[in-house]
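Visitor: Take a look at this one; I'll ask things after.
Just so you know, all these numbers are worked out from the coordinates, no wet-lab data involved. For clarity, every value in this text was computed on a predicted model and none was experimentally measured. Note that we place each Cβ from the backbone using ideal geometry, even for glycine, and neighbour counts take in every protein chain shown.
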Amino acid sequence: MKLFKMRGGVHPEARKADSSERPIRILPLPPLLHVPLQQHIGAPAKPVVRVGEKVLAGQLLGVGQGHVTAPVHAPTSGYVVAIGDHPAPHPSGLSAATVTIAPDGEGRWFEYEVPADPFVLAPDDISARAGAAGIVGLGGAAFPSSVKLDASRQSGVDTLVINGGECEPYLTCDDRIMRERAAGIVTGIRLIQHAVGAGHAIVGIEDNKPEALAAMRAAAVATGVQIRAVPAMYPMGWEKQMIHALLGREVPAEGRSADIGVLVHNVATAWAVQQAICLARPLVSRIVTVSGGAVIAPCNLEVPIGTPVQALFDACGGFRTTPARLVLGGPMMGQQIVRTSVPVVKGTSGVLALTQAEIGRAAPAPCIRCSTCVRACPVGLLPLEIAARVRSDDLAGAVALGLKDCIGCGSCSYVCPSGIPLVHFFNYAKGDLAAQARSKAKQETTRKLAAERSARMERIVREREEAAAARKAAKAAKEAAARAAATTEAAA
Amino acid sequence: MIAALISLTVLGTSLGLILGLAARFFKVEGNPLVEELEALLPGTQCGQCGYPGCTGAAQALAAGSAPLTLCPPGGRVVVTALAARLGVEADLSGVEDAGPRIAEVREELCIGCTRCYKVCPTDAVLGAAKHIHAVFSEACTACGSCVDVCPTEAILLRPAAPTLQSWGWGKPGLQPLAIAQGMAA
């Protein structure tokens, strides 16, 4: 079948062979698991356990609050030893609310009801179960999956696209899961298809993963799920790029894929859905690629959520040299971290320890307006122009040029011959816009509070005056009555 | 002669009548610009700008007698909004770029006198007589009214600590310029 021509993109050195040829290993339990209460986009979960409580694997630790949210579960059985702040997997190095669990080593599971035939479940029941299992997008964005399923079912999608692109260099966790767990993934895909009522399901896999393609093709025989190879290119794993490559449909600017009748999920998410629906196992572990030039034996590990990153490096033989940079996720869009005590969360697809040679970058030079970044941009923006506006603090101008459509893929920074940190400019500008929006929202709240307070103060003054007036009237009436009584007495 | 007199008189009277009626029916109460500007200000009437409340500040802004940077709790957002409304260039150099601040009660000094929560324009102080007070950071505009009335100097305005939600990347340095200058030298 025909593939459609793509816009922009770059071809960074893949470096996947370091970790792609070793089977997934299960990481032994670390002495402590730090499970953050917010591992997803949306509102953080609220803890429902107490310090000292015994929990079983898969037992609820925190319930989601609000609409866009996800619960978190205990990765193994053990005791809750702390609920408090722990360094978060975030470039700021700040802490976040975290439940710390000391595993008891028994690994006993909390018993949930397992459906006899998951395909007879109602569509909304499937998304409710996926939501209760704490499933979020495992490609990296960590958007709560049940919210996406519900919205897609309501707006009506015709095609389910399963993203097996994995275009980030170094990462091979999706490659390995497709090679080793293809049958489960295909069942998960069919469950998602059932949940949203999509007529077609297409899996897009980059053509640099022939083994994964073969395994998925074998598993998808006679299921109606199509497996398609797409050219290896970065950012093929960006959902809008994947949709365009497979279907030739373009998602409108600032729009969502559901607007054009498509729902996109990652292959690892499909596997998690299968585990949640068929086995009633909440999302408590994930496959993580451990790689980078500083790691002795790169490989893929199945890791309980909350495992400190250090334990992953230790399981891969430790460091060859002192890493120059630690990254969570891929090298193009991943988050730099400053310490290895941060935990693995649901959205952690890889942990990389990169050497100076791998990140080596000269000091930025002035822009020579060569427009290489324009050709590389998959969204069709003008990175050089937007960066120039951000540099001169003209955020309105940057927004007018499409700053909000920038996906931060880093293709422009990657190709820039002057080494200008273009995507850093965009991230700074997006953060500044968000800060302005927050400040405006706060101003609205405080304005309302001030208005309520002045109304209350006026009411208090009015009530006091009314009470005084009432007292005065009562006194006058009493005096009048006394006078009247005196007059009557005198008359008598 | 007569025709000219009559026609001019009629003309004068009717135009005068129209103007008189228009003045009555299309009367505008106050300066509409003041209301619009007041809507852009925080509306907490804290008085830090030196004017009697936000209405006074808006009047001064409309008259052009106050700088756009007059509102400390409003910060950069208010300055840019005012500049956009008034069609002038925003001069952000005068605005403290310390980021958002909030009031904080030092518990060891607070005597629970309740003066601060009586003056807080947004009800951001929580407390009761002879109990240590606390500040709701979500409602605090850092207007400083509480700082002025505290008898024990227990309240300070501190920069709000960054959280995972509020943290953002800093602006990349302007090294390219420095290199260019170095090459020219």
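Visitor: Quick check: net charge around A:Lys346, other residues with Cβ under 15 Å of its Cβ, Lys/Arg +1 and Asp/Glu -1? Each step should come with its number before you reach the end.
Guide: On the way: positive: A:Lys148, A:Arg281, A:Arg286; negative: A:Asp174, A:Glu302.
Spelling it out: positives minus negatives among the neighbours equals +1.
Visitor: Please find the FRET efficiency linking A:Val63 to B:Ala84, where r is the Cβ-Cβ separation and R0 is fixed at 60 Å, and quote it to the nearest 0.05.
Guide: Values: r = 43 Å, r/R0 = 0.71.
Computed FRET efficiency for A:Val63 and B:Ala84: 0.90.
Visitor: Another one. Describe numerically, in nm with one decimal, the distance between label points set 7 Å from Cα along Cα→Cβ at B:Glu35 and at A:Tyr112.
Guide: Here the answer is 5.6 nm between the modelled labels.
Visitor: Please compute, for peptide A:453-464, the average count of beta-carbon atoms on other protein chains lying within 10 Å of each residue's beta-carbon. Each step should come with its number before you reach the end.
Guide: On the way: counts 7, 5, 0, 1, 0, 0, 0, 0, 0, 0, 0, 0.
Counting other chains' Cβ atoms within 10 Å and averaging over A:453-464 gives 1.
Visitor: Apply the Debye scattering formula to region A:401-492, with a single equal point scatterer on each alpha-carbon and no solvent, then give log10 I(q)/I(0) at q = 0.22, 0.25 Å⁻¹.
Guide: -1.05, -1.14
Visitor: Under 22 Å Cα-Cα from A:Lys440, which lysines qualify once same-chain neighbours fewer than 8 residues away are excluded?
Guide: A:Lys404, A:Lys430, A:Lys448, B:Lys171
Visitor: Here's another thing I want to ask about it. In cubic angstrom, how much convex hull volume per residue do the alpha carbon atoms of region B:32-94 span?
Guide: Details: hull volume 4.5 nm³, N = 63.
With only Cα atoms used, region B:32-94 gives 71 Å³ per residue.
Visitor: Give the cross-link partners of B:Lys27 among the lysines, using a straight C-alpha distance below 25 Å as the criterion and excluding same-chain residues fewer than 8 apart.
Guide: Result set, ordered by chain and number: empty.
Visitor: Can I ask one more? From the backbone phi of region A:378-391, what are the Karplus-calculated ³J(HN,Hα) couplings (6.51 cos²θ - 1.76 cosθ + 1.60, θ = phi - 60°) in whole Hz, Gly and Pro given as x?
Guide: x, 8, x, 9, 10, x, 5, 5, 5, 4, 4, 5, 4, 4
Visitor: Another one. Hey, what's the Kirkwood Rh for the protein assembly as shown if you take every pair of different alpha carbons, in angstrom? Write out the running numbers ahead of the final one.
Guide: Numbers: mean 1/r = 0.0338 Å⁻¹.
Taking the inverse mean of 1/r over all distinct Cα pairs, the protein assembly as shown comes out at 29.6 Å.
Visitor: Give the list, by residue number, of cysteines in chain A with no other Cys Cβ closer than 4.7 Å, or say none.
Guide: When partners are defined as cysteine Cβ atoms under 4.7 Å apart, chain A leaves A:Cys167, A:Cys173, A:Cys278, A:Cys299, A:Cys316, A:Cys367, A:Cys370, A:Cys377, A:Cys406, A:Cys409, A:Cys416 without one.
Visitor: Looking only at the protein assembly as shown, where both bridge partners belong to it, what percent of the DSSP beta bridges are antiparallel (to the nearest 5)?
Guide: Details: 43 of 67 bridges.
Of all bridge pairs located within the protein assembly as shown, approximately 65 percent are antiparallel.
Visitor: Can you give me the relative contact order of region B:32-94 as a percent, contacts being Cα pairs under 8 Å and 6 or more apart?
Guide: Numbers: 67 pairs, mean separation 18.6, N = 63.
Once divided by the residue count of region B:32-94, the mean separation gives 30 percent.
Visitor: Add +1 for every Lys or Arg and -1 for every Asp or Glu among the other residues with Cβ under 12 Å from the Cβ of A:Ala473, and state the total. Mind showing how you got there, number by number?
Guide: Details: positive: A:Arg471, A:Lys472, A:Lys475, A:Lys478; negative: A:Glu466, A:Glu479.
Cβ neighbours under 12 Å give a net charge of +2.
Visitor: To the nearest 10 degrees, how steep is helix B:75-86 against the longest Cα principal axis of chain B, on a 0 to 90 scale?
Guide: 10 degrees
Visitor: Enumerate the lysines that A:Lys54 could reach by cross-link, defined here as Cα to Cα under 22 Å, with residues fewer than 8 away along the same chain left out.
Guide: Cα-Cα hits under 22 Å: A:Lys46.
Visitor: Highest first, please rank the peptides A:322-334, B:47-59 by the mean number of other Cβ atoms sitting within 10 Å of their residues. Can you show the working numbers first?
Guide: Numbers: A:322-334: 20.6, B:47-59: 18.5.
Going by the mean number of other Cβ atoms within 10 Å, highest first, we get A:322-334, B:47-59.
Visitor: I'd like the mean, over residues of A:433-443, of how many other protein chain beta carbons sit within 10 Å of each residue's own Cβ. Could you put the intermediate results ahead of the total?
Guide: On the way: counts 1, 3, 9, 5, 1, 4, 8, 3, 0, 9, 12.
Taking the mean over all residues of the peptide, I get 5.
Visitor: Once you measure Cβ to Cβ distances between cysteines in chain B, which Cys have no partner under 4.7 Å?
Guide: For chain B, the answer is B:Cys49, B:Cys54, B:Cys71, B:Cys110, B:Cys113, B:Cys120, B:Cys140, B:Cys150, because their Cβ atoms have no other cysteine Cβ under 4.7 Å.
Visitor: Nearest 10 degrees, 0 to 90: what angle lies between the long axis of helix A:182-196 and the longest principal axis of chain A (Cα atoms)?
Guide: 40 degrees
Visitor: I need the P(r) histogram for region A:372-432: all alpha carbon pairs, bin width 5 Å from 0 out to the longest distance, whole percents.
Guide: 4, 23, 37, 25, 11, 1
Visitor: Another question, if that's okay. Treat each spin label as a single point 7 Å out from the Cα along the C-beta direction, and report the A:Ala82 to A:Arg22 distance in nm.
Guide: 3.0 nm
Visitor: Is there a simple number for the mean count of other chain Cβ atoms within 10 Å of the Cβ of residues in B:160-169, and what is it? Mind showing how you got there, number by number?
Guide: Numbers: counts 0, 1, 2, 4, 10, 7, 7, 7, 10, 13.
Average neighbour count from other chains, rounded to a whole number: 6.
Visitor: Taking K and R as +1 and D and E as -1, what net charge do the other residues with C-beta under 12 Å from the C-beta of A:Ala270 add up to?
Guide: Values: positive: A:Arg181, A:Arg190; negative: A:Asp174.
Value of the local net charge: +1.
Visitor: Specify the angular offset, from 0 to 90 degrees and rounded to the nearest 10, of the alpha carbon long axis of helix A:210-219 from the longest principal axis of the alpha carbons in chain A.
Guide: Roughly 70 degrees, rounded to the nearest 10.
Visitor: Give me the one-decimal nm value for the distance between modelled label points at A:Cys370 and B:Leu8, 7 Å along each residue's Cα-to-Cβ direction.
Guide: 8.1 nm
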